[in-house]
Each structure stands twice: as structure tokens, then as C-alpha cells.
Amino acid sequence: TVMDPWTGRVLALVGGFSYDQSQFNRATQALRQPGSSFKPFVYAAALDNGYTPSSVVMDAPITIDQGPGQEAWSPSNYDGKSTGPRTLRYGIEHSKNLMTVRLAKDVGMPLIAEYSRRFGIYDDLLPVLSMSLGAGETTVLRLTTAYSMLANGGKRIRPTLIDRIQDRTGQSIYKHDDRQCVGCSADKWANQAEPKLVDNREQVLDPLTAFQITSMLEGVVQRGTATVIKEVGKPLAGKTGTTNDAKDVWFVGFSPDLAV
């Protein structure tokens, strides 16, 4: 999925190899686990609630009691190692699972579930700690839309493939951009002021938090798990995501005017 992060307009969508062989659209219909590409939203919740990119969290083994009759859960990092106290910025750049679980435990999974709903990633996330590592299921289109909201400063957008529908007389019966342009049509100029477009979209994330997360995701490309993408040669931010046994392997990223 390729999208304009400011409007939600989908510019390209690949849902499969051959429509003759399969009519199932993997970009919009396939529910997959995002894995670590869900982490930016855990970190965004933390930044909104007292943490900063330079806050230090332990990257060390952790064991979670799952309740009576359940085995204890001991998550591990991708490389199986731990590196001690590290900053949040380091944790997201190098995709440290142990740090993310500690962070989610402190912030609280109900709050992270609310953030995931606000960004449209999950409708109703089960508030258990493994979900902070992307164990829930969502679609490529939903996750790209969520990253677009990080890119555009936290404004809610709806993904669309249709800009406008008009009837046979040219009247618009549907517009994706529902902003009203008051005073845009005038017979002539009579010293009136320029019309102002009112942007009434919901602010789903503090713009300062969106800026900080974008800066941290730039670090993923500069120093972290996605350095191969530096070759593109323009400012890029994003996050890799790998689930167990690499069943799903993601990279979701954005430049100032494109989310992919």
C-alpha cells in the first residue's frame, strides 16, 4: 500500500499476484500479525505519559506470571541477547522486545489498546502484554494508515481509493475531502479576504509526540534495523516487523509526502 499521509489517498495497492488465481485482496482483507511494526504505538503511548526519547528502560530478561494453571511467559529479543539499561530511542531503533514489554507493563495494556483503536489498527485489542509485540492481527492498509497519522502530525485520516463521485449533471454526490470552503466561489474580486479552509480533522496524537516518534523512526533507518534503506537517499522514517519464524516480515515507513 502506498498512501498520501496528508489526505489518506491510496496511490498504489498490491493485493496479490493474479486476480484470476485469487480474488482475495491481501492488502485490505488479510489479517496478519504486525510484529515489531506495532511498537511505535506502544512508544507513542509512553511518550504521551511521562516518558521521553532519552528515558532509560532495562533491556534485561523478564518473566511474566500469566495466572493460575498457565506457564510463565519469558519473551526474548530477536537476537536472544540483552544489553542492560538503554534509552527508548535505542529500544525502538534496535527493536528490543524486552524493553517494549517492560514499557507496556508500566504504561498499562488498556491504554495501549485505546491507542491502537484510536489509530485504527485494532478495533478491540486484548489487553495482554504479548500484544505490545504485535501479536494481534491487522491489515496492511490499516497499519499504513496508522503510520500516515504519525507522519502528518497526528491528524486522523481515512484511507480512500475514490476522490469524488458526481452525477450526470456534474454535481458532486460524494467527496472524500469533506472540508467546507466558505467563500470560495465569488463572481468577482471585491477586496474580500482570501477564503480560509478549516481543517476540522480529529487530532489523534499530540503533534509533539508525533514529531518525537518520527525522529526515533528516522533513527531506525539511520542506525537501527533498517539501515539498508538509507540507499534511497532521502529523509525516511519507518519500522521493521518480524513475527516468529518470519511468518510475516514487514517494513512500514514514510517520507514527508508518502507512506508505504
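The values are calculated or read from the model by the stated rules, or taken from the named source; none is laboratory data. Not measured: the values here are computed from a predicted model. Positions of Cβ are generated from backbone atoms using ideal geometry, with glycine treated the same way; all protein chains shown enter the neighbour counts. Just the protein is used for accessible areas: all its heavy atoms, side chains included, with ligands, DNA and RNA removed. Shrake-Rupley method; radii C 1.70, N 1.55, O 1.52, S 1.80 Å.
Miscellaneous remarks
Condition check ((1) assigned to a helix (DSSP H, G or I); (2) surrounded by fewer than 15 Cβ atoms within 10 Å (Cβ to Cβ); (3) in contact (Cβ under 8 Å) with a residue 60 or more places away in the chain; (4) small (Gly, Ala, Ser)) across all residues:
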residue	(1), (2), (3), (4)
Gln21	no, yes, no, no
Gln29	no, yes, yes, no
Tyr43	yes, no, yes, no
Ala46	yes, no, yes, yes
Asn49	no, yes, yes, no
Pro53	no, no, yes, no
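- Any hit, region 59-81, residues being over 19 Å from Ser148 (Cα atoms), open to solvent by 90 Å² or more (accessible area, probe 1.4 Å), in a loop (DSSP other than H, G, I, E, B) and in contact (Cβ under 8 Å) with a residue 12 or more places away in the chain: yes
- Residues in region 108-133 that are of a type in the set (Gly, Ala, Ser) and not in a helix (DSSP H, G or I): Gly108, Gly120.
- Qualifying residue in region 92-106 (condition: touching a His at 6+ places or on another chain (Cβ under 9 Å) and either at pLDDT 95 or above or surrounded by fewer than 15 Cβ atoms within 10 Å (Cβ to Cβ) (or both)): no
- Looking across region 4-19, the residues that are over 30 Å from Lys96 (Cα atoms) and open to solvent by less than 40 Å² (accessible area, probe 1.4 Å) come down to Gly8, Val10, Gly15, Ser18.
- Screening the candidates Trp250, Trp189 for the property of being within 18 Å of Val2 (Cβ to Cβ) and among the aromatic types (Phe, Trp, Tyr) yields one hit, Trp250.
- First in region 235-250 and free of Cβ contacts under 8 Å to residues at least 24 places away in the same chain, second anywhere and open to solvent by 30 Å² or more (accessible area, probe 1.4 Å) and in a loop (DSSP other than H, G, I, E, B), Cβ under 8 Å, 6 or more apart: Pro235/Pro256
- Matching strands (runs of 3 or more DSSP E) fully within region 143-259 where at least 2 residues are open to solvent by less than 90 Å² (accessible area, probe 1.4 Å) and more than 27 Å from Leu88 (Cβ to Cβ): 172-175
- Yes/no for Lys105 being free of Cβ contacts under 8 Å to residues at least 60 places away in the same chain, of a type in the set (Lys, Arg) and either assigned to a loop (DSSP other than H, G, I, E, B) or more than 28 Å from Arg223 (Cβ to Cβ) (or both): no
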